[in-house]
1. For the stretch 214-224, name all the residues that are more than 18 Å from Phe101 (Cβ to Cβ) and open to solvent by 30 Å² or more (accessible area, probe 1.4 Å).
2. List the residue pairs whose Cβ atoms are under 6 Å apart, where the first residue sits in the stretch 267-286 and is free of Cβ contacts under 8 Å to residues at least 24 places away in the same chain, the second is open to solvent by 50 Å² or more (accessible area, probe 1.4 Å) and assigned to a loop (DSSP other than H, G, I, E, B), and the two are 6 or more positions apart or on different chains.
3. Would you mind stating whether Glu212 is of a type in the set (Asp, Glu) and part of a helix (DSSP H, G or I)?
4. Please state which of the following conditions Arg182 fails to meet, knowing it meets all the rest: (1) closer than 27 Å to Phe230 by Cα; (2) modelled with pLDDT of 90 or more; (3) among the charged types (D, E, K, R); (4) outside any strand (DSSP E or B).
5. Taking the stretch 100-121 as the region of interest, how many residues are free of Cβ contacts under 8 Å to residues at least 60 places away in the same chain and buried (at least 20 other Cβ atoms within 10 Å of the Cβ)?
6. Between Ala228, Ala244, Ala234, Ala221, which is modelled with pLDDT under 95 and either under 21 Å from the mean Cα position of the chain (by Cα) or assigned to a helix (DSSP H, G or I) (or both)?
7. Might you let me know whether the stretch 189-198 holds any residue that is over 18 Å from Val277 (Cα atoms), at pLDDT below 95 and open to solvent by 20 Å² or more (accessible area, probe 1.4 Å)?
8. What are the pairs, 6+ residues apart or on separate chains, where a residue within the stretch 216-229 that is touching a residue at least 12 places away in the same chain (Cβ under 8 Å) and farther than 21 Å from Leu243 by Cα has its Cβ under 8 Å from a residue that is surrounded by fewer than 22 Cβ atoms within 10 Å (Cβ to Cβ) and among the basic types (Lys, Arg)?
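The values are calculated or read from the model by the stated rules, or taken from the named source; none is laboratory data. Remember, it's a predicted structure, so these values are computed and weren't measured experimentally. No Cβ is skipped: glycine too gets one built from the backbone with ideal geometry, and neighbour counts run over all protein chains shown. In case anyone asks, the SASA skips ligands and DNA or RNA and just uses the protein heavy atoms, side chains included. Shrake-Rupley method; radii C 1.70, N 1.55, O 1.52, S 1.80 Å.
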Amino acid sequence: MAKEDGNGMQAKAIGVVANAGSGRNSREKEAVEHAMEVFGPNARLVYWEPETDRMADLIDELEGEGRDLIVAAGGDGTIMAVASEMRDRKAAMGVLPLGTFNFFARGLGLPQEPQEAAEAILAGRAEKMSLGTVNGQVFLNNASLGIYPSILKQREDVYERWGRYRLLAHWSVIKTFLGFQRPMRLSILADGERREFRTPLLFVARSAYQIEHYGLEGTEAINGDRFAMFVAKAEGRAGLFRLAWRLVSRRLEVGRDVTLIDAAEIEVELRQKTPLVAFDGEKARMRAPLRFEILKDAISVVMPSPEDEVSA
């Protein structure tokens, strides 16, 4: 990250964008209200309805009012949606964590309590940050291809039928593994070098915090504005279960379990014309080949001051 200025954010005109679901969730609604008290009476809160609202329109409206600090209030999906529309804007972006994992906010060193995070934003400083993209879609933490997007789809189907329960989330993983058919054949061009793989999972990381959380290598690549791409070596259902267990137990090893590719520009060719791609918990069909690129210093993000920073 490149340092932009050392001034606090107290003088900024603040606009806060929250997912409409937060307004209907009593716990998250209360958290946002506490944060708004910290931001002060001149801050404005708008709710984003993903199904009907264009994020760009909401941010255009806030910037048109002269608001030069746009705070994304929510989980990684909401934060990713705001970041996607903050590219090359004059306004800085702040992050108010409301999600479960909050990998992006944790990576910034922000407190996880919304009121404390709001205070840290006001005392923070803006720094330029690079973004990762796949076929133009911004992602902050990771993008993936193969078994993981299938798990997300299975989980969504299970939740829709039976409700959102942690046990059902685990069951969706098992069900996806049991239905696993065959690995993908990928041709990967990374910084000019082509390699061929047969794999059930391609995982591209941009969050150093997330891969450290799972005990993986690759932080040097991310800190150097590159991608840490992991190609799984698992074969068959038994291999997938073994891979998953080693991941959660933090015993996954580069070389034995995955191949690590450190690169700034990556192109992935595969047989499917429109594979399902997951990015920061969302998913979409994308046209192959998939192109991963770094947008250098694309947005300004508020970082906490050293005294407010929370160790990862």
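1. Glu217, Glu220, Asn223, Gly224
2. Thr274/Arg287; Arg285/Thr274
3. It is true that Glu212 is of a type in the set (Asp, Glu) and part of a helix (DSSP H, G or I).
4. For Arg182, the failing item is (2).
5. 2
6. Ala244 is the lone residue from the list that is modelled with pLDDT under 95 and either under 21 Å from the mean Cα position of the chain (by Cα) or assigned to a helix (DSSP H, G or I) (or both).
7. no
8. Cβ pairs passing all conditions: Asp225/Lys296.
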